[in-house]
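The values are calculated or read from the model by the stated rules, or taken from the named source; none is laboratory data. Please read all numbers here as calculations on a predicted model, not as lab measurements. Here the Cβ positions follow ideal geometry from the backbone for every residue, glycine too, while neighbour counts run over all protein chains shown.
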Amino acid sequence: MSDRPTSSPWRIPLVREIAVILLIKLVLLLSIKAIWFSAPTSPTDGQPRAAAHLLGLPTSPSPIPTEEKPR
C-alpha cells in the first residue's frame, strides 16, 4: 500500500477560507430574503387598475391618492 496519507481538499487553508466565506454569504442572502421579501405585496384593487391602465379604460378615481397635491 502507499505511505502517502489521503489528501483531502479541506486540508488546504484556501479551500477552507473560501468555503467559510461562501457559507457566510449564503446566510446573509437568506436572511435578507427572509426580512425584506417575506410576502408579496399587492394592492387591493390591482387587477382593475392594471386593466384600466393597459387598455385605456376610464375608471372611477381610486380612494387612495397616487399623486401628491401642492400645499
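Would you say Ser7 is at pLDDT below 90, exposed (fewer than 10 other Cβ atoms within 10 Å of the Cβ), in a loop (DSSP other than H, G, I, E, B) and within 27 Å of the chain's Cα centre (by Cα)? Considered against the rule, which asks whether it is at pLDDT below 90, exposed (fewer than 10 other Cβ atoms within 10 Å of the Cβ), in a loop (DSSP other than H, G, I, E, B) and within 27 Å of the chain's Cα centre (by Cα), Ser7 comes out as no. Counting residues in the stretch 55-63 that are small (Gly, Ala, Ser), touching a Ser or Thr at 6+ places or on another chain (Cβ under 8 Å) and at pLDDT 75 or above gives zero. Of all residues in the stretch 10-53, exactly one satisfies the criterion of being surrounded by 10 or more Cβ atoms within 10 Å (Cβ to Cβ) and touching a Lys or Arg at 6+ places or on another chain (Cβ under 9 Å), namely Pro43.
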